[in-house]
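A quick write-up on the structure given underneath.
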Amino acid sequence: MLLRGGGHFTDDTRLTGPLHLSFVRSMVAGGRILQVDLQDAKAAPGVIAVHGARDVEHLGALSVNPAIPLLAPLPFPVLSGDEIRAVGQPLAAVLAETPMAALDAAELIHAEIEEADPGTATVAQKRWQSGDAPAVMAAAAHVVDCTVAHPRLAPSPMEPRAIAVAYHPDRDAVTVWHSTQTPHRTRSELAAILNVAASRIRVIAPHVGGAFGMKASLYPEDVFAVWAAFHHKRDVKWTATRSEDFLSATHGRGLTSRGWLALDGNGRFLALTAEIEAPVGPWLPNSGLIPAWNAGRILPSGYRIATLDITTQAVTGRFGPTGIYRGAGRPEANCLIERLIDKAARKLNIDPVEIRRRNLLRTADLPCSTACGDTLDSGDYHRALEMLCTRAGYDALIADRDRRRADGALTGLGLAFYLEPSGSGWETARVTLNADGAVTVASGSSSQGHARETSYAQIAADTLGVAITAVDVRLADTARVPAGIGALASRSTAIGGSAVLIACRQVAARRAAGETLPITAETRYENDGQAWGYGACLAGLSVCPDTGTPTIEHITCVDDTGTIVNPKLVEGQIIGGLAQGLGEALMERVVHDQDGQLLTGSFMDYAMPRSTDMPPLSLHKFETPSPMNALGAKGVGEAGTIVAPAAVLNAAIDALSPLGVTDLTMPLTGHTLWQAMRDTGQGSAP
Ligand code: SMO
């Protein structure tokens, strides 16, 4: 339906004479607001109302998942009143009869701001310790260290943020169409922030045009739109422009990780020490601390590392809000550990595959508790590594690389292993088998354009023995589906799919016992723990000696995503993840100038990978069902974004290693690589 243009997105929602919203945003990165003059805007044609901070200062704050302990809560200003802590923060809002009238009036509003640097502060931190890391480091035969700085990324779903609110005067209630991954969270947060009974708020996430973590939380703009609908007793609509999303939607990554890996003389890992700093903006979205948490706890990956000392902290800055973005800390953890391992392999003169072979956990070790307190559930990590070598033709690729290198080519191979923990917790499903054989599946899980409807219909059809066309799947409407969490953290198939499976099994069992139709079963399914997808990737990359331009020649991946419901969807997730992972590795970067002004406010300035940027992919898989959920599924939605940056970084450094290059910082643009070649003094560039 989406491919044929039949989608219904939030902005397509027909409302009755809606008020259109335009926000006035801070032009500076920090300071005190002295005065905001709303008078000219109020008198502008088509304007119904103009609001400043004082009108909404009584509203509550967004809740934050304390994945790492929060030292002090951050403010959640719907409109900023006196303090500005990032460019783009909304400080006034115009409601008008048309979008253009709202925009024209907003441009008449002048804010007087006394500029000041908002400074930085640590707002949350956590430390994982196991054993005596300093003592092990001091006694180890080898210690390698590495710093990985991740560019800030703009998640950039095709559909920007959008909200449409219908006001029902008869009940003093609203229906909210929201482009979100978490419709029930939208309702509960709105109810709490606006101090309105949740029963007066119905939330519908219609088709969602991509989200990638950027739409897992409510924004100040969303809260304002719903407040305005209740306040003015009118319908209200807001759709962000692309530039507004660059400016004020959450960015991903931006973390800096430093690590030290200690090894014995045989290349066995003894201890890992790491320090992680995750940037956060002026306010925290619900999952705002997740990247700092994941970037730390997943660092041991699938390797045996007994001794650890890892600290992570979230630090405020002046570059706007950050949040989860596909991978959400997993790519950061993976880049650091896989870079450290490659450095160790080089230092000890051990083949990169061999050093991983010596340290990866074996199937007999699983389930295994990591020193960070996680439990790796199941799988065969060595099989993934060996399958990768076989399918990629590793030995021949090494020989080919060495031959070309001897001829003067700058060409390298990069290897990375990865883990992808899928979320834990619960999800719901309500399944009805009707007398005519039609099946209705309603789930609290949701879809962000990744075809949850199809896989849930398959699970129901298989379990109940009906045609897939007989199954109607309903998602993401708080009035029609049971409560749920939503589509994030690679959890929708593992947990949501398991909820559907269990409910279908209950229906089937009751039918076999002779119960008359229709039969409805409703279940709240909670998994036994996180299911850890994993895999390995090998990238071949060459660099133009004259310009530094990198070319990815090939990528081979092996993934174990547990039980697969739909191979096409799994492949789509892997390819999409790889595209975004390659985007981070090679070209994407949000840039601010010294004053905190955003320089990449459009796709003219921010490089997004296109289909023509994709290298040849060779994808392979096997399935070891996870014992952690009924379906046996593991996460796959973030696989490519987790593994690709590490593999590409390792490949680029391998390519430039003959010049003495030992570290590179993403994105690996032609300029980055040319500069690195030049800095070694051996590049052919002038
Ligand atoms: S970054 Mo995801 O939507 O948990």
Any idea how far apart GLU522 and SER199 come out in nm if each label point goes 7 Å out from Cα toward Cβ? 1.5
In what order do SER490, SER22 fall by count of nearby beta-carbon atoms within 10 Å, going from fewest to most? SER22, SER490
Neighbouring Cβ atoms within 10 Å as the yardstick, rank VAL174, VAL543, VAL143 fewest first. VAL143, VAL174, VAL543
May I have the extent of the alpha carbons of the range 533-591 along their three principal axes, as whole Å values ordered from largest to smallest? 47, 27, 18
What FRET efficiency comes out for GLN675 versus GLU112 if R0 is 41 angstrom and r is the Cβ-Cβ distance? Round to the nearest 0.05. 0.50
One finds, for ASP593 and THR662 with R0 = 22 angstrom and r their Cβ-Cβ distance, a FRET efficiency to the nearest 0.05 of 0.15
Farthest towards the positive end of the dipole of the range 426-526, among ALA483, ALA438, CYS504 and with Cβ unit charges of +1 on Lys and Arg and -1 on Asp and Glu, lies the Cα of ALA483
Long-range HN-HN contacts of ALA173 with modeled amide H, under 5 Å: HIS168
By Cβ neighbour count within 10 Å, fewest first, TRP293, TRP674 rank TRP674, TRP293
How high is the relative contact order of the chain, in percent, with contacts defined as C-alpha pairs under 8 Å that are six or more residues apart? 14
Can you work out the Karplus-derived ³J(HN,Hα) for every residue in the range 467-479? Use 6.51 cos²θ - 1.76 cosθ + 1.60 with θ = phi - 60°, whole Hz, and x for glycine or proline. 6, 4, 6, 8, 9, 10, 9, 10, 10, 6, 9, 5, 8
Potential lengthening between ALA467 and ALA149 on full extension [0.36 nm per residue; Cα-Cα distance subtracted]: 109.5 nm
For THR624, what charge total do you get from the other residues with a beta carbon under 15 Å from its beta carbon, if Lys and Arg give +1 and Asp and Glu give -1? -4
Under the Karplus relation 6.51 cos²θ - 1.76 cosθ + 1.60, θ = phi - 60°, what is the ordered set of whole-Hz ³J(HN,Hα) values for the range 19-28, x standing for Gly and Pro? 7, 9, 10, 9, 9, 8, 10, 5, 8, 10
Quick one: if you stick a label point 7 Å off each Cα along the C-beta vector at SER602 and HIS554, how many nm between them? 4.1
Of LYS343/LYS568; LYS568/LYS634; LYS42/LYS215, which sit over 26 Å apart, Cα to Cα? LYS343/LYS568; LYS42/LYS215
Using 0.36 nm times the number of residues separating MET614 and ARG404, minus their current alpha carbon distance, what extension gain do you get? 73.3 nm
Using a Cα-Cα cut-off of under 20 Å, which aspartates and glutamates could be cross-linked to LYS621, ignoring same-chain neighbours fewer than 8 residues away? ASP377, ASP380, GLU386, GLU420, ASP559, ASP560, GLU571, GLU638
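None of the figures in this text is laboratory data; all of them are computed from the coordinates on show. Everything numeric here is computed off the predicted structure, so don't read it as measured data. Virtual Cβ from ideal backbone geometry, glycine too; neighbours counted across all protein chains shown.
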